[in-house]
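Worksheet for the structure shown next.
Nothing in this text is a laboratory measurement; each read-out follows from the coordinates by a stated rule. What you see is a predicted model; the values in this text were computed from it and never measured.
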Amino acid sequence: MALNTLVVDDSSVMRSIIIKTLKLSGLPLGDIWEAKNGEEGLRILQDKWIDLALIDIHMPVMDGEEMLTLMRENDQYENLPVIVVSSESAPGKIEKMLKLGATFIHKPFTPEILKEVIVAVTGVSNEYSD
Amino acid sequence: MPKKNLPLEAAAEVKYRSDDFTGKLLIETRGGLFSAIATNILSIDDPSTKQKKDALGEIANIICGNVVPSLGEGGREYKIEPPRSLNKDDLLKEEWREEPIAGITLNFNDGRVDIKLFVDGYSAAKEKKE
């Protein structure tokens, strides 16, 4: 199964890093969509079939916590695998995201870490990897 | 060998605050590393100035997010502001005459990166103690 992936981060550089790392992970990827805040991310979720979302916490307009909260209130996305990718270190904030059913990856990260977490949260087969 | 006397190319800062501390992390590049960082992160040969600034800011953001939680006691909540690109005039301002609480210099090829961590009030407190 190829994973259609949504990457939500206000930094275009960070989105590029995440996408580059995804490609290096060797996992089977489908379409990759980018959004620069939670509001844009939710719009893409409404329009496209997404299998996995990687989202930042601190973003203007709508942050990652609000986006994730709204996703979990919607039947369509309540079980969508979400990985929060952030340099956030405040335990309280991370705990909130975990309670909303996300998995947390701390920046910086390696393709191996990203791959391990994606395999764990999506159940995608590892057989396509290098 | 340390590469002294290289002119400053670019700098970025990330400010942070908690209930007990405020401060900033500063990153400066010299000797071609401003461009090299963006080229490597984004995998592009000729990054624009904006891309270079964004890449440097993102590096500062990641370092700050990882370093600041080690200040003081564990478990504190920190707020980290978005990275800001600095020009030479910014660096000449009074606030930058503070002494960093910690710093590191990394030499790569012909260039150099200096990373400095500031805690507001540190210089004054140190002077008083002496």
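Extent along the principal axes, Cα only, for chain B: 47, 31, 28 Å, with the longest axis given first. In order along the stretch B:48-59, the phi-based Karplus estimate (6.51 cos²θ - 1.76 cosθ + 1.60, θ = phi - 60°) of 3J(HN,Hα) comes to 6, 4, 4, 5, 5, 5, 4, 5, 5, x, 5, 4 Hz; Gly and Pro are listed as x.
Only Cα sites of the stretch A:1-71 enter the Debye sum here, all with the same form factor; the resulting log10 I(q)/I(0) across q = 0.16, 0.20, 0.21, 0.28 1/Å is -0.50, -0.76, -0.83, -1.28, listed in q order. Under the membrane-span-like helix rule (DSSP H runs whose alpha carbons stretch at least 27 Å along the helix axis, mean Kyte-Doolittle hydropathy 1.0 or higher), chain A yields none. Could you give me the ³J(HN,Hα) list for the stretch B:14-24, computed from phi with Karplus coefficients 6.51, -1.76, 1.60 and θ = phi - 60°, whole Hz, x at Gly and Pro? With coefficients 6.51, -1.76 and 1.60, one gets 10, 8, 9, 7, 9, 4, 9, 10, 9, x, 7 Hz. If you wrap the tightest convex hull around every Cα atom of the stretch A:63-130 and split its volume per residue, you get 90 Å³. Summarised as an ellipsoid, chain A has semi-axes of 20, 16, 14 Å, derived from the eigenvalues of the Cα gyration tensor scaled by 5 and square-rooted, with the largest first.
Angle between the Cα long axis of helix B:33-42 and the longest principal axis of chain B, 0 to 90 degrees, nearest 10? The angle comes out at about 80 degrees. For chain A, a Gaussian network of Cα nodes joined below 10 Å ranks A:VAL117, A:VAL84, A:VAL61 by mean-square fluctuation, and the top entry is A:VAL61. Rg over Rh for the protein assembly as shown works out to 1.00, both radii taken from alpha-carbon positions and Rh defined as the Kirkwood radius.
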